Amino acid sequence: MADRCVIVTGVASGVGAATARRFAENGDRLILTDRNEDAARDLLDDLAEKKVAASFVSANPANRLHVHNIIAEAMEAAGRVDVLAHTVVDVFAADFIETTEEDFDRTISANLRGAFLVNQAFAKQVRRQADADEAGEGGAAIVNVMTTEAVTARADHVAFAASQGGLQQLTKAVAMSLSAYDARANAVAVGAVKTTFDNEAERKSAKDDVPLSRIGDPEEVADVIHFLASPAASFVTGQTIFVDGGRMVRARRATEAKGAS
């Protein structure tokens, strides 16, 4: 399973950086992207020191030309694509009444348009490879990262929640499209992870709402992404795996209990 060409977006921090390191451990050829190369410098320097085969493309997935450059870099470096781990999540918070059209459009563009463009560009190359009978071991795979707000919502996250729900549905539809080429698409919905909090008070509040009574590590999310992209998950497609310490189970139980009373 090593020597695949793996594209990872949003590698400057958090889950994206952890995902890049996880695939590097596997000996894969990495195409790393982020809008900010300076922010990704620690990761890039570390991978270079470890002699990992990796290229960096400064790119915004919501920009079609930038996405073209990502695929072009993959083709130049490896001549094929095998895995896309799209980890970009752009959170926007504002009272619904105060959210402007510009706020809404920007949030949808960052989270949903970006996912659409990079998923589509990757899928087009997968189709070309399938037509040329160049399918890789276990087939190509997409893993889109979102948050648990794909199925929940907050009053101050109207635009963001809409983008997350849309991304979950987009992933399902992409899975159906890719199935014709023996390729798969799945999603990982992230709950409370250490790198997503600005301060200790926020972290403690989130921890209190997690049945496992702790905050997750980005590496734990990366492990699930790696699994979904591997031949071990070759019969899994169109699914969303919640990596949230059981929080969604607790939310559903509370709802069910209220309905039964």
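The values are calculated or read from the model by the stated rules, or taken from the named source; none is laboratory data. Everything numeric in this text was worked out from a predicted model, so none of it was measured. In this analysis, Cβ positions are derived from the backbone assuming ideal geometry, glycine residues included, and neighbour counts consider all displayed protein chains. In case anyone asks, the SASA skips ligands and DNA or RNA and just uses the protein heavy atoms, side chains included. Shrake-Rupley method; radii C 1.70, N 1.55, O 1.52, S 1.80 Å.
Structure notes:
- Based on Cα contacts under 8 Å between residues 6+ apart, the chain shows a relative contact order of 19 percent.
- Over region 57-177, the Kirkwood radius and the radius of gyration, each from Cα atoms, give a ratio Rg/Rh of 1.04.
- With K and R counted +1 and D and E -1, the other residues having a Cβ less than 9 Å from that of Val210 yield a net charge of +1.
- Counting charges near Ala222 (Lys, Arg +1; Asp, Glu -1) among other residues having Cβ under 11 Å from its Cβ returns a value of -3.
- Area accessible to solvent at Phe92, 1.4 Å probe radius, in Å²: 40 Å²
- Dipole magnitude of the chain, debye to nearest 20 (Cβ charges: Lys/Arg +1, Asp/Glu -1, about Cα centre): 720 debye
- Values of log10 I(q)/I(0), in the order q = 0.07, 0.09 Å⁻¹, for the chain under a Debye, Cα-only, solvent-free model: -0.24, -0.39
- Hydrodynamic radius (Kirkwood) for region 1-42, which is based on Cα pairs only, to one decimal in Å: 10.2 Å
- Per-residue ellipticity at 222 nm from helix content only, as computed over the chain with -39500 (n - 2.57) for each DSSP H run of at least four residues, stands at -14000 deg cm²/dmol.
- Remark: C-alpha extents of region 14-74 on the principal axes read 31, 21, 18 Å, sorted largest to smallest.
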